[in-house]
């Protein structure tokens with residue numbers, strides 16, 4: 001994104017807008033991953049490794065079929081998607097071509113989500129971490145070469161960004177698959193687990209059903225969140241290319257905080273699921289609270305950085321003074337949002353690990369639709385508060401969600417959920 005930032009506000013907006021609709025579909029795979037993590041964690045905690053393998057395998061088959069279907073549907077719709085998102089004329093073509101080059105890699109990345117979720121449910125966060133390191137290093141190197149045209153290659157601009165992401169994500173997914181076929185991971189696809197010949201491709205509807213029992217509400221939660229965010233993004237896009245460029249870059253800067261927050265959420269999902277599987281609900285509760293405490297410290301500290309040094313962080317992405325000025329306002333709002341956002345991430349993860357995905361679905365729907373979207377419409381279109389109003393709406397959403405999630409967690413009903 002820093003490299004794309006040097007191509008101008010139109011390129012930033014094209015990349016930011018085109019990626020938003022993909023979250024609608026990615027949300028489903030994140031939900032499927034949540035069901036996979038919860039089930040694998042329960043089996044792992046209960047000392048049933050063969051059942052954990054079976055859950056991982058069936059999730060992989062299901063996820064692969066759905067991901068391929070997604071790719072075939074989304075590729076022809078790249079340009080209509082950009083028009084629907086409200087992109088200005090000069091941004092539509094840039095965003096459409098970026099999407100076309102990005103989607104093949106996203107298909108494989110969705111498979112990667114499901115495989116990583118299975119490993120995390122078994123307690124292996126290191127393997128996905130190292131492969132993500134490979135993916136990101138390769139992505140950065142390829143972006144440098146393909147966006148700007150080094151090593152004798154032509155400068156491809158946003159096309160280079162999409163192509164780099166596809167190559168890097170494809171490589172990472174195939175590496176992870178190869179590792180899981182060796183049988184050296186806690187859950188694996190080693191040949192000893194399946195019948196000879198075509199046995200690997202045989203679906204087990206009972207196991208798929210258990211994954212989906214937890215995964216469908218989680219997927220609906222992600223879809224509800226993504227659709228709400230899509231409409232919220234449409235509201236922000238109405239402010240113009242410069243404002244949306246500032247919005248995209250501020251979100252990218254904030255990822256320095258919320259990605260660690262999501263990591264503590266993943267830890268909470270795994271630890272809660274494993275401890276419930278082992279019949280230790282009190283330890284599950286203590287693990288979730290410790291993850292929450294760590295998440296609050298990390299994200300709260302980053303909030304202080306966002307408030308004190310917003311212009312410095314944004315200059316890493318763009319020299320455009322107008323974009324930086326608007327981005328500073330957004331980052332100073334988001335600085336105060338970090339603690340409630342941390343609570344929202346981690347408590348949601350804890351409830352997903354327990355299989356209580358329906359509760360997270362309802363709370364997410366209230367936060368995104370009744371709070372974020374409605375207040376954004378009022379603040380931006382009625383009160384004319386601009387980008388400040390849009391980000392203030394986002395902050396209110398996380399405050400409301402964190403309050404409801406803490407209340408649900410304290411009641412303790414999640415300890416009795418069956419998966």
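The number of residues in the range 361-387 that are under 24 Å from the mean Cα position of the chain (by Cα), touching a residue at least 40 places away in the same chain (Cβ under 8 Å) and over 21 Å from residue 28 (Cβ atoms) comes to 2. Being part of a loop (DSSP other than H, G, I, E, B), modelled with pLDDT of 65 or more and over 28 Å from the mean Cα position of the chain (by Cα) is the filter here, so list the residues in the range 183-208 that pass it. Listed by number, the residues that qualify are 190, 202.
Taking the range 1-41 as the range and being over 24 Å from residue 140 (Cβ atoms) and outside any helix (DSSP H, G or I) as the test, only 21 passes. Going residue by residue through the range 225-235, is there one that turns out to be buried (at least 22 other Cβ atoms within 10 Å of the Cβ), over 23 Å from residue 359 (Cα atoms), touching a residue at least 24 places away in the same chain (Cβ under 8 Å) and not assigned by TED's automatic domain parsing to the domain that holds residue 26? So far as the range 225-235 goes, yes, one or more of its residues are buried (at least 22 other Cβ atoms within 10 Å of the Cβ), over 23 Å from residue 359 (Cα atoms), touching a residue at least 24 places away in the same chain (Cβ under 8 Å) and not assigned by TED's automatic domain parsing to the domain that holds residue 26. Look at the range 132-158: where a residue is assigned to a helix (DSSP H, G or I) and a partner is surrounded by fewer than 15 Cβ atoms within 10 Å (Cβ to Cβ) and at pLDDT below 95, sitting 6+ places away or on another chain with Cβ atoms under 8 Å, you get 144/150; 145/151; 145/153; 146/153; 147/155; 148/155. Here is a check on your reading of the model: is residue 212 out of contact with any strand residue (DSSP E or B) (no Cβ under 9 Å at 6 or more places or on another chain), assigned by TED's automatic domain parsing to the domain that holds residue 112, at pLDDT 80 or above and within 25 Å of residue 127 (Cα to Cα)? Yes; evaluated as a whole, the condition is true for this residue.
For every residue, the table says whether it meets (1) outside the structural domain of residue 137 (by TED's automatic domain parsing); (2) out of contact with any strand residue (DSSP E or B) (no Cβ under 7 Å at 6 or more places or on another chain); (3) crowded, with 24+ Cβ neighbours inside 10 Å; (4) closer than 20 Å to residue 203 by Cβ.
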site: 3; (1), (2), (3), (4): no, yes, no, no
site: 8; (1), (2), (3), (4): no, yes, no, no
site: 18; (1), (2), (3), (4): no, yes, yes, no
site: 35; (1), (2), (3), (4): no, yes, yes, yes
site: 46; (1), (2), (3), (4): no, yes, no, no
site: 50; (1), (2), (3), (4): no, yes, no, yes
site: 55; (1), (2), (3), (4): no, yes, yes, yes
site: 68; (1), (2), (3), (4): no, yes, no, yes
site: 91; (1), (2), (3), (4): no, yes, yes, no
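Answer yes if at least one residue in the range 251-268 is closer than 18 Å to residue 344 by Cβ and over 18 Å from the mean Cα position of the chain (by Cα), and no otherwise. No: the range 251-268 contains no residue that is closer than 18 Å to residue 344 by Cβ and over 18 Å from the mean Cα position of the chain (by Cα). Of the residues examined, residue 217 is not one that is more than 21 Å from residue 105 (Cβ to Cβ), modelled with pLDDT under 90 and surrounded by fewer than 19 Cβ atoms within 10 Å (Cβ to Cβ).
Within the range 304-322, not a single residue is under 30 Å from residue 362 (Cα atoms) and buried (at least 22 other Cβ atoms within 10 Å of the Cβ). Among the candidates 253, 266, which residue alone is touching a residue at least 24 places away in the same chain (Cβ under 8 Å), more than 19 Å from residue 43 (Cα to Cα) and either in a helix (DSSP H, G or I) or out of contact with any helix residue (DSSP H, G or I) (no Cβ under 6 Å at 6 or more places or on another chain) (or both)? Answer to the check: 253.
Considering (1) surrounded by 24 or more Cβ atoms within 10 Å (Cβ to Cβ); (2) more than 16 Å from residue 299 (Cα to Cα), the lone condition that residue 337 does not fulfil carries the number (2). So, residue 171, is that one part of a helix (DSSP H, G or I), in the same structural domain as residue 44 (by TED's automatic domain parsing) and modelled with pLDDT under 95 or not? Spelling it out, it is not the case that residue 171 is part of a helix (DSSP H, G or I), in the same structural domain as residue 44 (by TED's automatic domain parsing) and modelled with pLDDT under 95. Considering only the range 315-335, I want to know if a residue exists there that is over 23 Å from the mean Cα position of the chain (by Cα) and either on the phi > 0 side of the Ramachandran plot or assigned by TED's automatic domain parsing to the domain that holds residue 4 (or both). No, the range 315-335 contains no residue that is over 23 Å from the mean Cα position of the chain (by Cα) and either on the phi > 0 side of the Ramachandran plot or assigned by TED's automatic domain parsing to the domain that holds residue 4 (or both).
The values are calculated or read from the model by the stated rules, or taken from the named source; none is laboratory data. Only a predicted model underlies this, so the values are computations on that prediction, with no experimental measurement involved. Glycine also receives a Cβ, built like all others from the backbone with ideal geometry; neighbour counts cover every protein chain displayed.
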